[in-house]
Amino acid sequence: MTMNCPACGSRNLGKIAKNQYFCRDCYREIKFGPKGTVQLAVIAQNGRLLPYKIMKCDSRKCSANS
Ligand SMILES: [Zn+2]
């Protein structure tokens, strides 16, 4: 199963935990939640995670839920 970063489309993802990935291209943490929701967090300069965006995804596409 190949997974793309919902933010930048990269496949350069590293697995952190179950349903949790890190994009090495845009430095976002991607967390897959229930019902196809995807939560993106961006790493701030101080190393803390900033909540970024919650996206709603089906099997192929993600769209911003703003
Ligand atoms: Zn990315």
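Here is the figure for region 2-18: residues that are assigned to a strand (DSSP E or B) and of a type in the set (Val, Ile, Thr) total 1.
Candidates in region 9-52 are the residues that are within 12 Å of the ligand (Cβ to nearest atom) and hydroxyl-bearing (Ser, Thr, Tyr); of these, the one that is modelled with the lowest pLDDT is 52. The set of residues from region 12-36 being closer than 18 Å to residue 50 by Cβ and polar (S, T, N, Q) comprises just one member, 20.
The values are calculated or read from the model by the stated rules, or taken from the named source; none is laboratory data. None of these values were measured; they are calculated from a predicted model. Every residue, glycine as well, gets a Cβ built from its backbone with ideal geometry; the counts of neighbours run over all protein chains shown.
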